[in-house]
């Protein structure tokens, strides 16, 4: 086959590949939205296809079944989340332990605002024991949590964080950082809090640090 013939044959294949990537992304975005709103049981693949604006059979073509699509959607949300926190820690690696945690809290708040499905999916799946929750914990949460528990113990040791169960303290910070943003509509209606305001996001992060990490390095815990 000549180079010209090969190039002509390759163009349709590249276009098809690009269309496939676009379709997969549409399905993932629609799945994240649907699963976070209605949970796994309350979401149909037909609903996801309609949200994505694609033909229903394309779901089984790209993801085989609803369970595989859920995992792919959750994988995207939580991988992006972990990458954002890892980037924050790397960027502030020369800072004090308190400043590193403060920066991670702010990154957490910002990501939770940009992707409310982060906590909505966890709330949906935590309502009853199921294999999806087990997979989510083992694949994404436990590695992040284990490293965060170590950070929290260090903050307690140097007097920044208050004494107590470091795992409980970390989870209180986590839920304040992200769970609050998942209630954005309710906060707006009940309390007049605008989570779309960058100043509000900064204040949330600053208040979390003030409340949960009140000490300074060197103070007795």
Open item on the list: Any residue at all in region 121-130 that's free of Cβ contacts under 8 Å to residues at least 12 places away in the same chain, part of a helix (DSSP H, G or I), closer than 22 Å to residue 78 by Cβ and out of contact with any strand residue (DSSP E or B) (no Cβ under 6 Å at 6 or more places or on another chain)?
Closed with: no
- [ ] Sort out which residues of region 35-65 are within 14 Å of residue 125 (Cβ to Cβ) and surrounded by 13 or more Cβ atoms within 10 Å (Cβ to Cβ), and write them in order of number.
- [x] 35, 36, 37, 38, 39, 40, 43
- [ ] Assess whether residue 156 counts as being modelled with pLDDT of 95 or more and more than 29 Å from residue 43 (Cβ to Cβ).
- [x] yes
Task: Hey, residue 107 within 15 Å of the chain's Cα centre (by Cα), crowded, with 18+ Cβ neighbours inside 10 Å, touching a residue at least 12 places away in the same chain (Cβ under 8 Å) and assigned by TED's automatic domain parsing to the domain that holds residue 196 or not - done: yes
Task: Unmet requirement for residue 126, which otherwise passes all of (1) surrounded by fewer than 18 Cβ atoms within 10 Å (Cβ to Cβ); (2) within 20 Å of the chain's Cα centre (by Cα); (3) under 27 Å from residue 23 (Cα atoms) - done: (3)
Open item on the list: Quick test for you: out of 47, 94, 29, 80, pick the one residue that is in the same structural domain as residue 142 (by TED's automatic domain parsing) and farther than 27 Å from residue 171 by Cβ.
Closed with: 94
- [ ] Looking only at region 170-179, decide whether some residue is buried (at least 19 other Cβ atoms within 10 Å of the Cβ) and modelled with pLDDT under 90.
- [x] yes
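The values are calculated or read from the model by the stated rules, or taken from the named source; none is laboratory data. Keep in mind that what you see is a predicted model, and the values were worked out from it rather than measured. Note that each Cβ is placed from the backbone with ideal geometry, even for glycine, and that neighbours are counted across all protein chains shown.
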